[in-house]
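All remarks here apply to the structure that follows.
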Amino acid sequence: MNTQTLIQDLKKSNLFAECPCGEEFQLSDAIIFDGTKAFPEEALGYQKSLLDALEERKAELQKRQKLATVKAEITTKSVNIGKMLEKIIPTLKDFKWEMPDTRFLGDPIDLIIFKGLSKGNVDWIDFVEIKTGKAPLNKHQKSIKSAIENNSVTYRVIE
């Protein structure tokens, strides 16, 4: 049996095939041809549309990669600026607490303010988290905030 006869028989059959993507199709609907000869026009058109789609996806991926890199740079800069600001904010004139009452912790909470400590009597304690832009609290900061709001705070002396 020659190749051309085999192709004609497959096109007339009720056989199904499965492509590598997992979809089934009827062989009579497929473009079947002898791969040792020139591609038929119909196959070349389909190949071109697939190559065009691949190029579009490649361009989109490159665009996304560049955007992700730019976003990562911006985020890194914002985080670094925020970390620097956390340390210097207590020194700014608009800082509403007394500098000697302020203790920098940094992580997981930025500052702890012992209101009145510098005058010899702590009236209350503030836990302060400094955020820049629209940065949200992370999961640890949220759990600390929740513990404080639920009065789940204790004081212990270890001797």
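Every read-out reported here was derived from the displayed coordinates using simple, explicitly stated rules and does not represent laboratory data. Quick caveat, the model's predicted, so the values are computed rather than measured. Every residue, glycine as well, gets a Cβ built from its backbone with ideal geometry; the counts of neighbours run over all protein chains shown.
Please give the Cα centre distance for the stretch 92-131 versus the stretch 51-78, rounded to the nearest Å. Taking the Cα centre of each part, the stretch 92-131 and the stretch 51-78 sit 42 Å apart.
Comparing G35, G45, G106 in a Gaussian network model of the chain, where Cα atoms under 10 Å apart are tied by springs, the biggest mean-square fluctuation is seen for G35.
Note that the stretch 148-159 has calculated 3J(HN,Hα) couplings of 5, 5, 8, 6, 8, 10, 10, 10, 10, 10, 9, 10 Hz, one per residue in order, obtained from phi through the Karplus relation 6.51 cos²θ - 1.76 cosθ + 1.60 (θ = phi - 60°); glycine and proline are x. Each Lys and Arg adds +1 at its Cβ and each Asp and Glu adds -1 at its Cβ; summed about the Cα centre, the chain shows a dipole of about 900 debye.
Charge tally for V79 (other residues, Cβ to Cβ under 15 Å; Lys, Arg +1; Asp, Glu -1): +1. Charging the Cβ of each Asp and Glu at -1 and of each Lys and Arg at +1, and nothing else, the dipole of the stretch 48-90 about its Cα centre rounds to 120 debye.
Distances between placed amide hydrogens fall under 5 Å for F95 paired with no residue 5 or more residues away or on another chain.
Based on DSSP H segments of at least four residues, each scored -39500 (n - 2.57), the chain has a per-residue ellipticity at 222 nm of -15000 deg cm²/dmol. Summary value for the stretch 1-90: 16 percent relative contact order, contacts being C-alpha pairs under 8 angstrom separated by 6+ residues. With the charge dipole of the chain set up from +1 on Lys and Arg Cβ and -1 on Asp and Glu Cβ about the Cα centre, the Cα lying farthest toward the positive end among the listed residues L44, I88, Q65 is that of I88.
Test of understanding: in a Gaussian network model of the chain with alpha carbons linked when under 10 Å, which of A147, A72, A38 would top the mean-square fluctuation ranking? Checking each option, the largest mean-square fluctuation is seen for A38. Lys and Arg at +1, Asp and Glu at -1: add these up for the other residues within a Cβ distance under 14 Å of S152 and post the number. Net charge in that neighbourhood comes out at +2.
Could you list the residues of the stretch 117-154 with an amide nitrogen less than 17 Å from a label point located 7 Å from the Cα of E98 in the Cα-to-C-beta direction? Answer for this model: 117-127. Where [x] 23, 20, 13; [y] 25, 19, 15; [z] 72, 20, 10 are the candidate values, the label of the one calculated here for semi-axes √(5λ) of the Cα gyration tensor in Å is [z]. Under the criterion of Cα pairs below 8 Å and six or more residues apart, the relative contact order for the stretch 36-142 equals 15 percent. Note on the chain: GNM, Cα springs under 10 Å; of T102, T36, T91, the largest mean-square fluctuation is that of T36.
The phi torsions of the stretch 36-47, fed into the Karplus equation with coefficients 6.51, -1.76 and 1.60 and a -60° offset, translate into couplings of 8, 10, 4, 5, x, 3, 4, 5, 5, x, 5, 4 Hz, rounded to whole numbers, with Gly and Pro shown as x.
Among the GluC sites (Glu not before Pro) found in the stretch 6-92, those both in a DSSP coil and sparsely packed, with 14 or fewer other Cβ atoms within 10 Å of their Cβ, are E23.
Phi angles of the stretch 113-118 translate, via the Karplus equation with coefficients 6.51, -1.76, 1.60 and θ = phi - 60°, into HN-Hα couplings of 9, 9, 4, x, 4, 5 Hz per residue; Gly and Pro are given as x. For G116, the residues 5 or more places off, or on other chains, whose built amide H falls under 5 Å of its own are D123.
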